[in-house]
Every structure is written in structure tokens, then in C-alpha cells.
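What follows is a short report on a single structure.
The values are calculated or read from the model by the stated rules, or taken from the named source; none is laboratory data. Keep in mind it's a predicted model, so treat the numbers as computed, not measured. Glycine gets a Cβ as well: all are built from the backbone with ideal geometry, and neighbour counts include every protein chain shown.
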Amino acid sequence: MEKVAQVEGRDYSIAVRYTRDSGIPADAVLRAWETTDSASISAYCDQACSALEDTEEEDVEKFYLLNLSLIADQINYAVGYSYEVEIIMNQSVPAEEQSVQVMQFTGSEATALPTEAETDGRENIQSINFQTKVCN
């Protein structure tokens, strides 16, 4: 099953894919939003930089803090389940200019997730794909 959400005012959309075996109901609704509060962004950026060796906050050019929820029957299936996420860029980004790292935050823990960037024939990033970790 696939759910897609456009993040308001941004140049990307988010697709989430999961199978029937995942335990996530077929009628789950994807809600995605970006946190824009500068204090929250700074705190999470510090946490991410601490988790990544040899990375300082001043090394980070852009930091997006995205929140994903898969809601069905008032239950948030984004926590405790693993699912595939694709961030689809509406404008191409030159791959040689970008180093993309996806972090999953659980409480006070930040974990780097393996990512795969899909490119077009000119090596521009079209999408970023990753699998979430199961966490409770």
C-alpha cells in the first residue's frame, strides 16, 4: 500500500509504502509536516551531529525536521512499525552538491538510517529512499 502527502509550502512530497504483513491498516492516513520552530530544529540538529562522527552543526547546510504519522482508529502506526519512506523532490538537486543523511529520532536517541538517492540521467537527485526502524 502507498500513501502520499505533500508538505505544505515545500518543494517535496513524501510517499510511505508498507505491506499487509506490516500490521498497519490499509485505511491508515499519512500525515506529514515539517517543524519550523528554530529552537526545536537547533536541538535536533545538535542531537544528529552528536550521533554522526566528525560532524559539527556549522557543517550542516540544510536541516529538515519532518514528522510522519500513519493514523488509523486514533492509533499512530508511525511508532513501533517499520515502513519504507520516499521523499520525492519536485525540483532536481545536483547530486554532487549534496550529501544526504537521514536520522530517526526516538526520545533522546538519534540513529542514522541507510539511504538511497535516485538520480536522473544528469545525476540530479529525484528522490531519497529509506526504511524506518521499529522503535517503541
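What do you reckon, is Val100 part of a loop (DSSP other than H, G, I, E, B), aliphatic (A, V, I, L, M) and closer than 16 Å to Tyr12 by Cα? Full working, then the answer.
On the way: part of a loop (DSSP other than H, G, I, E, B): yes; aliphatic (A, V, I, L, M): yes; closer than 16 Å to Tyr12 by Cα: yes.
Yes; evaluated as a whole, the condition is true for this residue.
List the number of the failed condition for Ile24; all other conditions in (1) touching a helix residue (DSSP H, G or I) at 6+ places or on another chain (Cβ under 7 Å); (2) surrounded by 15 or more Cβ atoms within 10 Å (Cβ to Cβ) hold.
The number of the failed condition is (1).
I'm trying to understand the selection: among the residues of the range 76-108, which are among the charged types (D, E, K, R) and at pLDDT 75 or above? Give the derivation first.
Residues of the range 76-108 among the charged types (D, E, K, R): 84, 86, 96-97.
Of everything in the range 76-108, those that are among the charged types (D, E, K, R) and at pLDDT 75 or above turn out to be Glu84, Glu86.
Could you list all residues from the range 4-22 that are modelled with pLDDT of 85 or more and among the hydroxyl-bearing types (Ser, Thr, Tyr)?
Those that are modelled with pLDDT of 85 or more and among the hydroxyl-bearing types (Ser, Thr, Tyr): Ser13, Tyr18, Thr19, Ser22.
With the structure loaded, tell me whether Ser69 is outside any helix (DSSP H, G or I) and either in contact with a strand residue (DSSP E or B) (Cβ under 7 Å, 6 or more places away or on another chain) or surrounded by 11 or more Cβ atoms within 10 Å (Cβ to Cβ) (or both) or whether it fails that test.
Working: outside any helix (DSSP H, G or I): yes; either in contact with a strand residue (DSSP E or B) (Cβ under 7 Å, 6 or more places away or on another chain) or surrounded by 11 or more Cβ atoms within 10 Å (Cβ to Cβ) (or both): yes.
Yes; evaluated as a whole, the condition is true for this residue.
Could you check how many residues of the range 10-46 are part of a strand (DSSP E or B) and free of Cβ contacts under 8 Å to residues at least 60 places away in the same chain?
Residues meeting the conditions: 7.
If you check Asp54 against the conditions, is it over 16 Å from the mean Cα position of the chain (by Cα), assigned to a loop (DSSP other than H, G, I, E, B) and touching a residue at least 24 places away in the same chain (Cβ under 8 Å)? So that I can check it myself, show each step before the final result.
Numbers: over 16 Å from the mean Cα position of the chain (by Cα): yes; assigned to a loop (DSSP other than H, G, I, E, B): yes; touching a residue at least 24 places away in the same chain (Cβ under 8 Å): no.
No, not satisfied.
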